[in-house]
Structures are given as C-alpha cells and as structure tokens.
Amino acid sequence: MNVDIDAGLVQALLRGDPDACDRLVERYGERVYRLASHLSGTADDAEAAAQSALATAVRTIGALQTDSSFGSWLDGLAARAAYDRMLARERRSAIAMEDVLPPIDGSGHFEPMSDWSARVEAPQLQGELRHAMTGAVEALPPDYRAALVLHDVEGMGDADIAEVLGIGVGAVRTRVHHSRLFLRKRLAERHAPAPTPAL
C-alpha cells in the first residue's frame, strides 16, 4: 500500500477537495465492498454497508489519528457498518452458541469429533466442502460469525475486532474459538467417514 497516496488522499478529504470523494471510491471502493460482503448476507446489504462506510469516512476524516493507517481505519468503518446491518437483519433468528457446540464431557472439555480431515484433499469433495463451509459460516450466530470472518478471513487483530464489535479482546478470542469448534462439528457431521460394517 502506498502511504504517500493515502496521505495525499487524507489531506484532500480534510480540505474538502471536490474530487476527493471520487478518489476515495476509486482507491478503496472495491476493498470496502469485499470486506462488507464477507459479513453481509446479501449483495444489497454489502453495497449499503460499503456506501455507509465511505460516507462516514468523508464525514469523520478529522477523527483519524495521525499515527493510524487510513486503510485500517476504513476497514474498521466498513466492518462496523456491515456488522450493524447483519445484526439488524438476523437478530430475530439468532441461536444460542451453546445449542450448536459439541457436547462437553465430564471433565469440562468438548467431546472429540469424528476425524474427517483426511478426506479434505479429495478432489471430488472440494466443491462440496466449500459449500458445506459456507453454509456452516452462515449458520453461525451473527456475533460469532462477525468475529470469525474478521479474524480468519480479513486477518484483523483481536484488538481491532474488539473495537469494531464493541466487546473485549477476551470475548473476541472466545467467539473465534467457539466458531471454529462449530465449523469443525458441522463438517465432521457432514464428512465423517462411513462406519465400517460389522463382520
């Protein structure tokens, strides 16, 4: 990323240059939309979240800290806008994470799941696996899906995710961990090897 270009864009936005908004969209529009689409369930929501994030950036550019990365700040605005839209749409149907995690054994640990990992490399299963993974991510409760996507797909740090979601860093780590367990459980249920028939 070219820091000089970002610095020039920030200065143009601060001055209110007429072409600054167009430059912002040209440079960051696709990136912001991509991030929003990872969190949003529909293209309409992703488009609305991206527009909201870009508009917020223009309106609040003065709040950008001088030692902050403009791109990272904009990513946070996009993630927040997409997360808010996702919550508004899905809160009604949210499920409790405890209802979908693997059961806990007597020692307080999650019970082991079927080992399907050896089948992941099978070429004939790649499309099916991708479909199953997408479905499992979409089935996560919104709060957990947001933490997982921002961490594992977007590569955001725990502190940045905590700020976007308005939670503590410990809660971010817990949500990511539980989300991964949920995905493993869903994939294990779907792709576990068939039981060996009794002789």
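Bear in mind these aren't lab numbers, they're just calculated from the coordinates by the rules spelled out. All of these numbers come straight from a predicted model, not from anything done at the bench. Note that each Cβ is placed from the backbone with ideal geometry, even for glycine, and that neighbours are counted across all protein chains shown.
Here are some notes:
- Sorting Ile61, Ile167 by the number of Cβ atoms found within 10 Å of their own Cβ, with the fewest placed first, yields Ile167, Ile61.
- Extending 7 Å from the Cα toward the beta-carbon at both Arg89 and Glu138 defines two label points whose distance is 1.0 nm.
- Normalised by the number of residues in region 3-92, the average gap of Cα pairs under 8 Å and 6 or more apart makes the relative contact order 33 percent.
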